[in-house]
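Below: one structure, written as structure tokens.
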Amino acid sequence: MRLLKESQPEFVSGEVLCKELGVSRTAVWKHIQALRAEGYDILSQQNAGYRLVGVPDRLYPQEILSGLKTEFIGRHIFYYPQAPSTNILARDLALSGAPDGALVVAEEQTGGRGRLGRGWFSPCGKGVWCSLILYPSVNPAAAPPLTMLTAVAVARAVQQAAGLVPGIKWPNDLLLGGKKICGILTEMSAEIERINYLIIGTGINVNLNGEDFPEEIRDSAASLKMFTGRDVSRIKLLQAYLQEMEQLYRIWLEEGFSPVLELWKEICVTLRRPVRVSSLKESVEGWAEDVDEEGNLILRLENGALRKFVAGEVSLRPF
Ligand code: BTN
């Protein structure tokens, strides 16, 4: 694949492939057939050799790795055409010793999981449904802001790959035109002072059309394609996400959450405005004053008092 890509749009001769790979012509032919079965469009012409004409819209590890500029995030990839949930698979892989920064990615999830026990709609080939496995040696109490860090990474990746500028809704939903285009679900296994593993699950709605979404979420969810008007490369988006993630994760490990929080605040669209924070128990209205170093939302209530929220669903209210 590397040789075919390097010589695009020209042919590579069968002889060069045999020589470079140290295999027979029959072996080269078999491999080309295998690539065709994966969806690669490869022309073969007598006396000229092979030419790559088209690459399938699939999140194959070799495509993600080709041109990926990271040192450890996404360098080890577990790929599934279909998975129940990448977060669940990632947990099993972490338990059996998957390397730090390993990526689990699926074309489709049959039991995608969302926050607060909800599901996550993950149709085949239309989004980036993935989980990262990390083993940060920090106190478990320092881990929650990682979800906010991830939101910053996705926002920057969306800007690079699709030219769109999403906003963050506290704590970590990404919005375009007021609709959700990405959700993040972080899960952790820890002892009092030590993290065993951390799973950061990210679902980005990339190339869904409006009518692809189930009716219940059609008013509140959207995809990148609905704003660009054309397909967005899932590979480019995922690569940009992994690169941004590595950069921000390093900053977080070395300098703490403050510099990342500053970036997060720049992208947040639910700060310094009237909001409603809802949880299973209650719904509280107030002014979104700030977000503290632990990622908690500080709400100024109507009576002037300040109240801290660790979790909840924010909705905007008119000024
Ligand atoms: C949310 O409810 O906002 C969080 C949604 C998280 C969805 C992603 S898709 C990849 C990973 N696997 C899952 O089952 N969930 C997360």
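The values are calculated or read from the model by the stated rules, or taken from the named source; none is laboratory data. Quick caveat, the model's predicted, so the values are computed rather than measured. Because the Cβ atoms are built from the backbone with ideal geometry, glycine has one as well, and the counts that use them run over all protein chains shown. Accessible surface areas use protein heavy atoms only, side chains included; no ligands, DNA or RNA. Shrake-Rupley method; radii C 1.70, N 1.55, O 1.52, S 1.80 Å.
Could you list, in sequence order, the residues of segment 274-284 that are charged (D, E, K, R) and at pLDDT below 95? Walk me through how you get there before you give the answer.
Taking segment 274-284 as the starting set, the residues that turn out to be charged (D, E, K, R) are 276, 281-282.
Lys281, Glu282, listed by residue number.
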Candidate set from segment 114-132 (those that are more than 8 Å from the ligand (Cβ to nearest atom) and part of a loop (DSSP other than H, G, I, E, B)); member that is surrounded by the fewest Cβ atoms within 10 Å (Cβ to Cβ): Cys124
Please specify each residue of segment 242-294 satisfying the condition of being closer than 23 Å to Ala102 by Cβ and open to solvent by less than 10 Å² (accessible area, probe 1.4 Å). Leu242, Met245, Leu248, Tyr249, Val260
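So which helices (runs of 4 or more DSSP H) stay within segment 1-111 end to end and still have 1 or more residues that are touching a helix residue (DSSP H, G or I) at 6+ places or on another chain (Cβ under 9 Å)? First the steps, then the outcome.
Working: elements: 2-7, 14-21, 25-37, 61-65, 86-95.
The qualifying helices (runs of 4 or more DSSP H) are 2-7, 14-21, 25-37, 61-65.
May I ask you to verify whether Ala34 is among the aliphatic types (A, V, I, L, M) and within 16 Å of the ligand (Cβ to nearest atom)?
On the way: among the aliphatic types (A, V, I, L, M): yes; within 16 Å of the ligand (Cβ to nearest atom): no.
Against the criterion (among the aliphatic types (A, V, I, L, M) and within 16 Å of the ligand (Cβ to nearest atom)), Ala34 does not qualify.
Can you tell me which residue among Gly74, Gly97, Gly111, Gly101 is on the phi > 0 side of the Ramachandran plot and open to solvent by 30 Å² or more (accessible area, probe 1.4 Å)? Can you show your working first?
Details: Gly74 fails: open to solvent by 30 Å² or more (accessible area, probe 1.4 Å); Gly111 fails: on the phi > 0 side of the Ramachandran plot; Gly101 fails: open to solvent by 30 Å² or more (accessible area, probe 1.4 Å).
Selected residue: Gly97, the only one of Gly74, Gly97, Gly111, Gly101 that is on the phi > 0 side of the Ramachandran plot and open to solvent by 30 Å² or more (accessible area, probe 1.4 Å).
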Could you say which residue among Gly203, Gly177 is under 23 Å from Ala222 (Cβ atoms) and either open to solvent by 10 Å² or more (accessible area, probe 1.4 Å) or hydroxyl-bearing (Ser, Thr, Tyr) (or both)? Gly177
Could you please let me know if Pro99 is in the same structural domain as Tyr79 (by TED's automatic domain parsing), of a type outside the set (Gly, Ala, Ser) and more than 20 Å from Gln247 (Cβ to Cβ)? no
What pairs come out if I take residues in segment 77-95 that are in contact (Cβ under 8 Å) with a residue 24 or more places away in the chain and pair them with residues that are basic (Lys, Arg) and within 13 Å of the ligand (Cβ to nearest atom) whose C-beta lies under 7 Å away, six or more apart or interchain? Ser85/Arg113; Asn87/Arg113
